[in-house]
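Below is one structure; the comments refer to it alone.
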């Protein structure tokens with residue numbers, strides 16, 4: 001019997017990229033005039049431009065981001081268990097630099113995940129609708145990726161933010177909730 005496929009987002013779902021971004025920003029800019037310590041819990045926009053206004057570079061591409069990157073609470077153990085019952089495919093969007101560093105991070109921290117889809121957004125905004133997810137499950141914290149997917153089952157991960165507040169479907173706030181939800185399939 002073929003395992004059901006899960007298309008799993010990386011940033012904000014498997015790992016806490018917002019926290020890592022704020023940690024990198026603090027390390028790089030804390031000595032600058034007008035620096036204010038950012039709280040990743042108070043982020044209101046995905047690119048963190050209001051929370052981290054002194055940054056002149058995309059910190060999602062910075063080496064330090066991947067040094068500070070941590071799993072979402074419970075993600076590592078739940079993912080390892082889920083990988084025995086599901087065909088897990090990490091599906092993530094980024095720049096070339098970001099994707100190459102994500103690839104290495106995944107290889108080092110999630111060796112049991114053998115499939116990844118990296119979408120380079122480059123100069124054009126792309127979403128995950130270009131991936132055939134028919135018959136599968138998509139888990140993402142960005143509602144546009146859920147709305148545009150052809151997956152059979154769509155689950156929004158995490159709390160409500162500007163980038164997913166319009167999602168009216170299934171939402172799991174934690175890896176514990178998500179794991180219990182996936183037991184149904």
Kindly provide the set of residues from region 58-77 that are in contact (Cβ under 8 Å) with a residue 60 or more places away in the chain and surrounded by 20 or more Cβ atoms within 10 Å (Cβ to Cβ), ordered by number. 72, 75
Mind listing just one residue for me: the one in region 137-181 that is free of Cβ contacts under 8 Å to residues at least 40 places away in the same chain and within 15 Å of residue 79 (Cβ to Cβ) and, of those, surrounded by the fewest Cβ atoms within 10 Å (Cβ to Cβ)? 180
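Values quoted throughout were computed directly from the atomic coordinates according to the rules given, and no laboratory measurement underlies them. Here the structure is a predicted model, which is why all the values come from computation and not from measurement. Using ideal geometry, Cβ is built from the backbone for each residue, glycine included, and neighbour counts are taken over all protein chains shown.
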